[in-house]
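This report concerns only the one structure given below.
The values are calculated or read from the model by the stated rules, or taken from the named source; none is laboratory data. This structure is a prediction, so every number in the text was calculated from the model and none was measured. With ideal geometry, Cβ positions are generated from the backbone for all residues, glycine too; neighbour counts draw on all protein chains shown. Surface areas here come from the heavy atoms of the whole protein model, side chains and all, with no ligands, DNA or RNA. Shrake-Rupley method; radii C 1.70, N 1.55, O 1.52, S 1.80 Å.
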Amino acid sequence: MMKKNLVFLIAASLFLPGLLWAGDCLECHQKNGVTIVVPEIPPLRIMAGTTVYEFTLEQAFAFHGHECPGLTTAFLALGHGLKRLFGEEIPRRDDILIISRSPAGGIKDLIDLLMKGDNPALKTWAPDGMLNDQSRFHFTLMRKSTSELLDIRLNPGLLPEDFTRLKQKQKKQQSSREEDERLHGYIKSMILDFPRKSDSELFGNPQPRKVMLWGDVDKGEMDRRIRKLRLENKAQMRRESEGEKR
């Protein structure tokens with residue numbers, strides 16, 4: 001195993017634009033002197049055109065900006081799901097559809113890295129109103145060439161009941177020291193212990209199923225709709241704020 005600490009992350013920020021998005025988590029890691037041992041697990045592999053790209057968990061952490069439990073869980077889920085759909089075959093990027101139920105930054109960054117590459121300018125924005133609740137570790141993957149769909153979700157019993165509540169309190173800077181310590185215990189467990197568990201322990205035994213699809217949404221259309229929703233929400237919040245001041 002390779003030991004990675006914040007000294008590496010700070011130095012790497014000179015070369016990895018993704019670190020600019022680290023935000024509160026990296027600041028918290030620095031404040032608490034957190035050092036993480038990056039688990040060694042099989043990389044995610046994907047083919048785009050004639051090129052095969054390989055992404056390790058360590059690379060995904062660096063792209064996101066810090067070690068992250070959500071990214072770790074999503075990395076394991078996608079690895080397991082793609083193996084279920086493609087076996088030993090390397091998935092083609094244009095043959096995959098991934099649906100995430102979470103706006104969490106680590107999850108979004110991992111899927112961006114896999115499906116878009118390591119260009120920070122291609123960062124995906126979550127639609128306005130998308131919530132980060134206990135169902136965040138639930139993904140739907142589709143292999144378009146075979147019309148197979150796979151639902152994969154983390155075993156609910158592995159996620160502490162108060163994990164989301166503590167994350168929200170910490171984000172609002174309303175958590176106590178005891179709550180912060182409990183949350184960091186959860187985070188450490190997810191990053192270090194989840195990769196040691198079997199796929200069946202983490203995700204059960206999901207089976208691909210055949211589906212039919214109607215309709216079409218291209219990426220540009222989705223981006224425009226999300227941008228429109230976010231702008232409309234900001235405008236509404238501004239109107240409500242101005243109304244309160246009168």
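When the range 176-207 is filtered for residues that are of a type in the set (Gly, Ala, Ser) and out of contact with any helix residue (DSSP H, G or I) (no Cβ under 9 Å at 6 or more places or on another chain), the ones remaining, listed by number, are GLY185, SER198, SER200, GLY204. Quick check: anything in the range 123-130 under 15 Å from the mean Cα position of the chain (by Cα) and buried (at least 22 other Cβ atoms within 10 Å of the Cβ)? Among the residues of the range 123-130, not one is under 15 Å from the mean Cα position of the chain (by Cα) and buried (at least 22 other Cβ atoms within 10 Å of the Cβ), which makes the answer no. Of ASP180, ASP109, all but one fail to be modelled with pLDDT of 95 or more and among the acidic types (Asp, Glu); the exception is ASP109. Count of the range 191-210 residues, restricted to those that are touching a residue at least 40 places away in the same chain (Cβ under 8 Å) and either among the hydroxyl-bearing types (Ser, Thr, Tyr) or surrounded by 10 or more Cβ atoms within 10 Å (Cβ to Cβ) (or both), is 12.
Quick grid of which residues meet (1) crowded, with 18+ Cβ neighbours inside 10 Å; (2) of a type outside the set (Ser, Thr, Tyr); (3) at pLDDT 70 or above:
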| residue | (1), (2), (3) |
| --- | --- |
| GLY18 | yes, yes, no |
| CYS25 | yes, yes, no |
| GLU54 | no, yes, yes |
| PHE63 | yes, yes, yes |
| HIS66 | yes, yes, yes |
| ALA77 | yes, yes, yes |
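Scanning the range 97-111 for residues that are of a type outside the set (Ser, Thr, Tyr) and open to solvent by 10 Å² or more (accessible area, probe 1.4 Å) turns up LEU97, ILE98, ILE99, ARG101, PRO103, ALA104, GLY105, LYS108, ILE111.
For SER135, the test of being in contact (Cβ under 8 Å) with a residue 24 or more places away in the chain, assigned to a loop (DSSP other than H, G, I, E, B), under 26 Å from GLU58 (Cβ atoms) and not acidic (Asp, Glu) is failed.
I'm told ASP128 meets every condition in (1) outside any helix (DSSP H, G or I); (2) touching a strand residue (DSSP E or B) at 6+ places or on another chain (Cβ under 8 Å) except one. Can you identify the failing condition by its number? So ASP128 meets the others, but not (2).
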